[in-house]
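One structure is given here, and the rest of the page talks about it.
What follows draws every value from the coordinates through simple rules; no lab data is involved. Keep in mind the model is a prediction, meaning the values are calculated, not measured. Cβ coordinates were reconstructed from backbone atoms using ideal geometry, including for glycine residues, and neighbour counts include every protein chain displayed.
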Amino acid sequence: MKSETLCDIGFIGLGVMGHNLALNLADNGYVVACFDLDDNKVAQLEEIDTQQRGDKPKRIFGCSSFTQLLDSLKKPNLLMISVPAGNAVDDVCEHLISAGIKADDIIIDTGNSLWKDTVEREKKYKKDFIFFSTAVSGGEVGARFGPSLMPSGDPYAWTRVAPVLKAISAKVDPTTGRPIERFEPGNPVLEGEPCAAYIGASGAGHYVKMVHNGIEYADMQLICESYHVLREGLKLTALEIADIFEKWHDGVLDSYLMEISIEVLREQDPVTGLALVDVILDTAGQKGTGLWTAVSALEVGSPAQTITQAVFARSLSSFKQERVIASEILDGPESVIYTQEQKQQIIEQLHDALYCSKICAYAQGFQLMAIASKDKGWNLDFSAIAKIWRAGCIIRAVFLQDINNAFVENEHLSNLLLDPFFSQQITKFQMNWRKSIASATLMGIPHPAMSSALAYYDSYRCKTLPANLLQAQRDYFGAHTFSRTDQPANKKYHLDWSASPRVLRQV
Ligand code: 6PG
């Protein structure tokens with residue numbers, strides 16, 4: 001159906017995220033021209049808008065080609081695309097070039113693109129149009145009612161798109177730092193601090209979103225490991241675990257991921273009537289953003305072991321058949337029957353372990369962003385990033401306000417663990433963290449993310465690591481040299497390990 005007036009924004013790609021973002025734009029008063037290769041998706045979206053608007057003017061208009069889409073828009077064109085990361089983004093860009101897009105038109109990529117691709121695209125399309133990006137977090141519901149947005153690219157384009165992105169983003173109550181919930185279609189509440197802030201030059205927003213997802217992987221895995229100890233170690237039911245999580249949620253562990261875990265644990269399987277979680281096959285999927293984070297951490301040399309372990313945990317889960325065979329062959333410890341009192345103690349320790357591990361996972365994510373920011377000259381603002389993650393995104397949590405406070409207090413904070421609030425929290429809870437890891441180990445319950453978080457903490461606070469021996473080993477077999485504790489670090493030495501007597505040379 002054609003609009004009588006020109007539309008404000010063109011939207012391409014009406015999958016789950018695109019469909020909901022387009023409705024969100026319409027709710028916020030924008031008139032949207034939509035296009036998807038699947039005509040049914042276009043028709044379905046128009047139908048929803050018609051029902052929602054009733055007698056009022058429609059805000060969503062379907063188009064059947066790229067040319068019709070461009071013809072329907074106010075000039076200069078503003079377009080948003082939501083298509084799978086990779087070649088599909090370039091396909092859309094090429095189609096729009098063929099359809100006559102102009103140099104001052106803006107295309108905003110809202111997909112989960114790899115940040116390096118975004119950097120390349122900005123350069124590649126410079127003479128054809130302005131390639132801008134905004135990473136989107138919040139899944140289906142976030143896209144519909146307010147996601148967290150991480151825009152980056154041309155600063156001039158940001159001045160043009162900022163009002164739109166701020167309008168559709170999630171909002172935070174500035175006095176409490178808590179999300180303003182507005183899960184109602186129609187005209188949304190627009191008050192509050194928007195969860196959309198300019199992240200930096202091209203690629204920065206997608207990088208930050210990638211790290212968000214790495215943290216998301218770690219956060220999810222940590223909750224799952226806690227569930228595992230309760231389910232397999234203490235033999236509690238899904239409902240009993242939901243009750244425990246609910247108590248935890250009412251404190252420092254208050255988060256969206258905890259909230260949905262409680263709901264999941266209380267869900268019944270419509271087929272068997274059992275707890276749904278008990279009939280879901282234990283093999284995890286992944287689309288790749290956690291892996292990208294781990295790869296980037298390895299590339300820039302930033303220790304992000306909890307995030308990386310969370311990726312590996314998903315990989316290992318996919319070896320289902322092998323694990324079933326191994327479970328028959330490989331012994332673990334004898335299972336123990338715990339008293340009520342012991343169970344209570346294990347549950348309390350596990351709570352503190354989850355909290356301390358979570359602090360470390362976030363510390364790793366922010367440390368990675370700090371190193372990447374320096375490396376790529378992005379000048380990332382970490383208090384702003386923590387702020388826009390307080391609502392709308394998957395890792396939203398009360399905790400993000402504490403992270404924001406830490407960076408407001410010290411914008412050059414090199415590691416969250418050094419912030420007085422977080423270091424005191426870990427001091428307070430660390431013995432339970434250690435005991436919890438010890439009991440999970442004795443139970444034979446795998447807890448790769450949690451134990452890697454503790455290893456990160458203990459390594460980071462360690463004045464002398466055994467890397468001295470490692471350097472000696474390297475020098476022994478490969479003459480790779482070492483620095484001395486009693487000389488400046490840039491002076492390198494090699495010991496002739498085979499000479500008798502040994503000869504030490506500065507090289
Ligand atoms: C978000 C999510 C979203 C997502 C990814 C991760 O922030 O809204 O992170 O981007 O769910 O698709 O999915 P995988 O778990 O499949 O990697």
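Full extension of the chain between Thr485 and Glu322 yields a length gain of 53.9 nm, computed as 0.36 nm times the residue separation minus the alpha carbon distance.
Tell me which lysines have Cα within less than 20 Å of Lys171's Cα, excluding those fewer than 8 residues away on the same chain? Hits, sequence-local ones excluded: Lys209, Lys387. Within the range 1-109, the GluC sites (Glu not before Pro) that combine a DSSP coil assignment with at most 13 other C-beta atoms in a 10 angstrom radius are Glu4. When all alpha-carbon pairs of the range 138-179 are counted, what percent fall beyond 15 Å? In whole percent, the share of Cα-Cα pairs in the range 138-179 beyond 15 Å is 50. Give me the tail of P(r) for the range 380-421 as a percent: Cα-Cα pairs with distance above 11 Å. So the portion of pairs separated by more than 11 Å is 59 percent. Counting only residues at least eight positions apart within a chain, or on another chain, the lysines with an alpha carbon under 21 Å from that of Lys435 are Lys235, Lys247, Lys343, Lys358. For the range 289-330, applying the loop criterion from DSSP together with a ceiling of 16 other beta carbons within 10 Å to the chymotrypsin sites (Phe, Trp or Tyr not before Pro) yields Phe319. For the chain, the average shadow cast by the Cα convex hull is 30.3 nm², which is a quarter of the hull's surface. For the range 213-277 versus the range 363-418, the inter-centroid distance based on Cα atoms is 26 Å. As a ratio to 2.2 N^0.38 Å, the alpha-carbon radius of gyration computed for the range 9-202 takes the value 0.97. Under 15 Å of direct C-alpha separation, and excluding same-chain neighbours fewer than eight residues apart, Lys491 reaches these aspartates and glutamates: Asp475.
Whole Å is fine, so just give me how far the alpha carbon centre of the range 289-328 lies from that of the range 475-491. Here the answer is 33 Å between Cα centres.
A straight line joining the Cα centroids of the range 90-116 and the range 11-37 runs 16 Å.
Summing Lys and Arg as +1 and Asp and Glu as -1 over all other residues whose Cβ lies under 12 Å from the Cβ of Arg434 gives a net charge of -1.
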